[in-house]
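After the structure tokens below, expect a handful of questions from me.
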Amino acid sequence: MDKLLIPYQAIIRGWLKNNVIKKYETIKTRHGVVAKVIEQTENINSRKLKYQALVSALKQLEAPEKVIKKYSDRSTALAKEGDKIAGENKLHKQREKHYKTFEEIEKIRDELMKKEDRTFDDEMAMLVLAFSTYIPPRRSEIADTKICAKEDDGNCLIKTKKGYKWILNRFKTVKTHGVYKVDLPPELNEIVKASLKKIPREYLLSNARDKSKPMGYASLWKLLFSYLGKGQGVDCLRSAYASHHINDYTYNEIEKMAHDMSTSAKMLMTSYRKIESDVERSDGDNSDD
């Protein structure tokens with residue numbers, strides 16, 4: 001239990017306190033009873049979070065995959081229901097209207113990739129969405145990433161024998177998380193290679209009028225607005241990615257995802273999943289009913 005995320009530990013302590021389970025290990029055999037108690041929770045997001053706790057515990061206790069999948073699917077269904085009702089729970093009304101799920105973002109990406117007569121904006125949007133779906137999305141570093149021959153003290157994309165490596169030296173939480181380096185996966189490598197061949201430039205996202213200059217943050221936001229809807233920004237891409245993956249990830253996978261996004265596992269759950277109130281109320285299992 002000590003390896004579970006802190007909010008999950010609090011939920012399980014609530015089950016122990018209310019005698020839903022006698023000890024942590026009995027979750028493996030009493031998961032049905034736990035699920036019935038979870039279903040009595042009125043708040044959708046609280047139910048979802050508790051199912052996430054159940055799934056994580058069952059994974060740690062090596063329960064059958066069929067059992068784990070059952071509750072993982074239930075958590076996912078609740079997440080989608082909560083998103084539909086509240087537009088990612090606490091989104092601004094404008095974001096709620098245009099909110100895109102991870103699957104919808106992938107669809108837009110794929111449609112742009114298939115488009116033979118892509119405009120300059122199409123090309124840039126395709127890259128942003130590809131960098132937000134094939135790998136854990138960052139914040140705005142893509143807007144000033146330079147195509148470099150070798151690493152410098154800025155944000156660079158370097159071609160290696162294996163493909164492209166993305167190196168970020170300048171971003172919001174660099175002092176906490178350190179320099180970020182990632183070898184792009186094959187799919188993303190091919191997209192970048194083809195894009196740079198089609199439009200030679202000095203930056204991954206370049207200025208439409210001057211290819212020797214970066215796109216910049218303001219233009220990046222305008223680009224996202226035009227393809228995803230008003231009110232949609234980088235944080236929405238990060239939220240969609242985290243929401244899509246977090247239910248099915250193990251503790252270690254969630255920690256790695258948080259690290260790759262230069263944030264914390266707690267922040268993924270409280271900010272990008274918009275569940276602060278659920279975490280705060282999870283010490284007593286029925287306190288939010």
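If I take every Cα pair under 8 Å that is 6 or more residues apart in segment 100-237, average their sequence separation and divide by the length, what percent do I get for the relative contact order?
Working: 183 pairs, mean separation 31.8, N = 138.
Dividing the mean separation by the residue count of segment 100-237 yields 23 percent.
What does the net charge come to around Pro64 if you take all other residues with beta carbon closer than 10 Å to its beta carbon, with K and R at +1 and D and E at -1?
Details: positive: Lys28, Lys66, Lys69, Lys70; negative: Glu62, Glu65.
Computed value for this residue: +2.
Here's a follow-up. Give the label of the value calculated from the structure for log10 I(q)/I(0) by the Debye sum over Cα atoms at q = 0.07, 0.08, 0.15 Å⁻¹, choosing from (i) -0.29, -0.38, -1.39; (ii) -0.42, -0.52, -1.07; (iii) -0.30, -0.39, -1.10.
This structure yields the entry labelled (iii).
Just to confirm my understanding: which cysteines in the chain have no other cysteine beta carbon less than 4.7 Å from their beta carbon?
Result for the chain is Cys236, no neighbouring Cys Cβ within the cutoff.
Turning to a different aspect of this structure: Can you figure out the FRET efficiency of Lys115 with Thr176, using R₀ = 35 Å and their beta-carbon distance, to the nearest 0.05? Could the numbers behind the result be given before it?
Details: r = 39 Å, r/R0 = 1.12.
Here the calculated transfer efficiency is 0.35.
Which order results if Ser262, Ser219, Ser132, Ser56 are arranged by neighbouring Cβ count within 10 Å, fewest first? Don't skip to the end; give the middle numbers.
Values: Ser262 20, Ser219 17, Ser132 23, Ser56 26.
So the residues, fewest neighbours to most, are Ser219, Ser262, Ser132, Ser56.
If Lys and Arg each add +1 and Asp and Glu each add -1, what is the summed charge of the other residues whose beta carbon sits under 11 Å from the beta carbon of Glu103? Don't skip to the answer; put the middle values down first.
Details: positive: Lys80, Lys100, Lys107, Arg109; negative: Glu104, Glu106, Asp110.
Net of charged neighbours comes to +1.
Still on this model: What spacing in nm lies between the two simple spin-label points modelled at Lys28 and Lys165, each 7 Å away from Cα in the Cβ direction?
According to this spin-label approximation, the distance is 4.2 nm.
Where does each of 221-230, 60-69 land if you order them by average Cβ count within 10 Å, highest first?
Values: 221-230: 16.5, 60-69: 13.7.
Averaged packing, sorted descending, gives the order 221-230, 60-69.
Here, each number is a calculation from the coordinates, and none is a lab measurement. Owing to the predicted nature of the structure, the values given are computational and were not obtained by experimental measurement. FYI the Cβ positions are ideal-geometry reconstructions off the backbone, even for glycines, and counts take in every protein chain you see.
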